[in-house]
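One structure is given below, encoded as structure tokens.
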Amino acid sequence: MESEVAAKARREAETPATYIGLKTRAQRAKLSNGSVSASSHQPRSTEKKKKKSHKPTVDNKYSQWKTLVPILYDSLSNQSLVWPCLSCRWGPQFEQALAKNQQRLYLTEQTDGSVPNTLVVANCEAVKKQLNGEACSPFVKKYKTIIHPGEVNRIRELPQNSKIVATHTDSPDVLIWDTETQPDRHAVLGAPHSRPDLILTGHQDNAEFALAMFPTEPFVLSGGKDKSVVLWSIQDHITTAGTDSKSPGSSIKQTGGRSVGPRGVYHGHEDTVEDVAFCPSSAQEFCSVGDDSCLILWDARTGTGPAMKVEKAHDADLHCVDWNPHDNNLILTGSADNTVRLFDCRNLTSNGVGSPIYKFEGHNASVLSVQWSPDKSSVFGSAAEDGLLNIWDYDKVGKKSARAPKSPPGLLFQHAGHRDNMVDFHWNVLEPWTIVSVSGNCESNGGGGTLQIWRMSELIYRPEDEVLAELEDFKSQVFSCASRP
């Protein structure tokens, strides 16, 4: 019999609730009127050829997925968005209780110009198991609206104090916001933009997507169309309260100018830099990927040139990169060649070209985002234009699985709840195995976008022998009860 939480999750998946408006990622080509079509989806460079629609495949996957929701998930929330969303990030936890946690969630509203583009701060009842052992589906409610100067292409939170976020728009600057002290604004046509707390300068051309913040110190990293990687320190602009997300008051000093110049500008790419990532153990070491198909490692202590340049890391443009927070040797990259590749920093190249440890093949379109899981060092996710969010475990590569013998090697789980291009996702570091994901919707599905917060069934990620033993024990109990007179 279907449990109450499973039934609720299924109903939510079939009938999404109307929520706040958002819009698909600007990595896709803009239409002549400045809007973005979720059904007309291109890679980031507007000169590139338009890709074929993957709609039939996505619809088939979605139909199959809906019937399996009660089995596949411990919890799921599905919400429709009036405007597509380009980026989603978890913020700080502001209330903790036995049954549920309240947590901030950062989203974007990218509009058609009839109302301003916005950075949205929402409240989320994060997924948590109830006393009866079942999980509740999270509830999301808008808390604050910040009117953003231009579309919000990417959001990154400062890990030491996730009340502070950085945003990228279609300009050379990186904008820093203290989301708790920013006033709540009513987004109407003609309303003035909210004022960012800091403006990071240093790019010579638009910097739209490549953005990262260091885990333990207030360093910011960016890449852009000027083919450069730029590093800033905002240490001198953060107050004592700024080192603790639970401290009241402003986290950013109100004295001095709002403009912050770069600590270093690094050159080595031959085309647009699409993504950047810090080495988890050193703010002086970082990596970047770009439309030149290169993965570059940098060390700020040795100069402004590449410490290591990996030519032909993929067979097409690189869109995304992430450095393993558990193992400094491992770097993930995703590309327009539809693959995710795993590199070991100790052996990056062979015969002058990229030599990955493994190539993960499970997408049918460009991979737009890759992210390591905070819960297990070998697990990561990849989101793509095919509407799928794949969860991988590289420890399982080369091992046969009784659960899914025909799946691509290393594929642990496939989230097919989005009916159009997967734009962004983020693991929740405070709630194990919980993910927020956003996608655009094509016009046939009403346009706008979709927001989902979900956690796969623990039977999927727990050790296989442990799960099988538990299921066998459960089966024995069922047969024992059935055989009683």
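The values are calculated or read from the model by the stated rules, or taken from the named source; none is laboratory data. Just so we're clear, the structure is a prediction, and the values are computed from it rather than from any experiment. Here the Cβ positions follow ideal geometry from the backbone for every residue, glycine too, while neighbour counts run over all protein chains shown. Heavy atoms of the whole protein, side chains included, go into the accessibility calculation; ligands, DNA and RNA do not. Shrake-Rupley method; radii C 1.70, N 1.55, O 1.52, S 1.80 Å.
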Kindly establish whether Gly334 is in contact with a Cys (Cβ under 6 Å, 6 or more places away or on another chain) and either buried (at least 24 other Cβ atoms within 10 Å of the Cβ) or in contact (Cβ under 8 Å) with a residue 24 or more places away in the chain (or both).
-> yes
Counted residues, region 66-93 - those being more than 29 Å from Asp112 (Cα to Cα), in contact (Cβ under 8 Å) with a residue 60 or more places away in the chain and surrounded by fewer than 20 Cβ atoms within 10 Å (Cβ to Cβ) | 4
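So, in region 352-381, of the ones that are in a strand (DSSP E or B) and open to solvent by 50 Å² or more (accessible area, probe 1.4 Å), which residue ends up modelled with the lowest pLDDT?
Applying the first criterion (in a strand (DSSP E or B)) to region 352-381 yields 353-354, 358-361, 367-372, 379-381.
Remaining after also requiring open to solvent by 50 Å² or more (accessible area, probe 1.4 Å): 353, 358-359, 361.
Working: Val353: 83, Tyr358: 97, Lys359: 97, Glu361: 97.
In this case the residue turns out to be Val353.
Looking at Gly387, Gly447, Gly398, which is the one that is modelled with pLDDT of 90 or more, outside any helix (DSSP H, G or I) and at positive phi?
Gly387
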Could you tell me whether region 198-217 includes any residue that is in contact with an Asp or Glu (Cβ under 9 Å, 6 or more places away or on another chain), more than 24 Å from Ala283 (Cβ to Cβ) and either among the aliphatic types (A, V, I, L, M) or open to solvent by less than 20 Å² (accessible area, probe 1.4 Å) (or both)?
-> no
Return the only residue of Glu472, Glu458 being over 20 Å from the mean Cα position of the chain (by Cα), farther than 30 Å from Ser162 by Cα and surrounded by fewer than 21 Cβ atoms within 10 Å (Cβ to Cβ).
-> Glu472
Can you name every residue in region 173-195 that is open to solvent by less than 60 Å² (accessible area, probe 1.4 Å) and hydroxyl-bearing (Ser, Thr, Tyr)?
-> Thr179, Ser194
Among the numbered criteria (1) without any contact (Cβ under 8 Å) to a residue 60 or more places away in the chain; (2) open to solvent by less than 30 Å² (accessible area, probe 1.4 Å), which single criterion is violated by Arg346?
-> (2)
Pick from region 94-112 the residues that are under 20 Å from Ser439 (Cα atoms) and not aliphatic (A, V, I, L, M): which of them is surrounded by the most Cβ atoms within 10 Å (Cβ to Cβ)?
-> Thr108
Return yes when Ser171 is within 27 Å of Gln371 (Cα to Cα), of a type in the set (Gly, Ala, Ser) and not in a strand (DSSP E or B) and no when it is not.
-> yes
On the given criteria, is Val115 farther than 18 Å from Ala384 by Cα, at pLDDT 50 or above and touching a helix residue (DSSP H, G or I) at 6+ places or on another chain (Cβ under 6 Å)?
-> no
Within region 291-309, count every residue that is within 17 Å of Arg263 (Cβ to Cβ) and of a type outside the set (A, V, I, L, M, F, W, C).
-> 6
Got a number for residues in region 291-317 being out of contact with any Leu (no Cβ under 6 Å at 6 or more places or on another chain) and open to solvent by less than 10 Å² (accessible area, probe 1.4 Å)?
-> 5
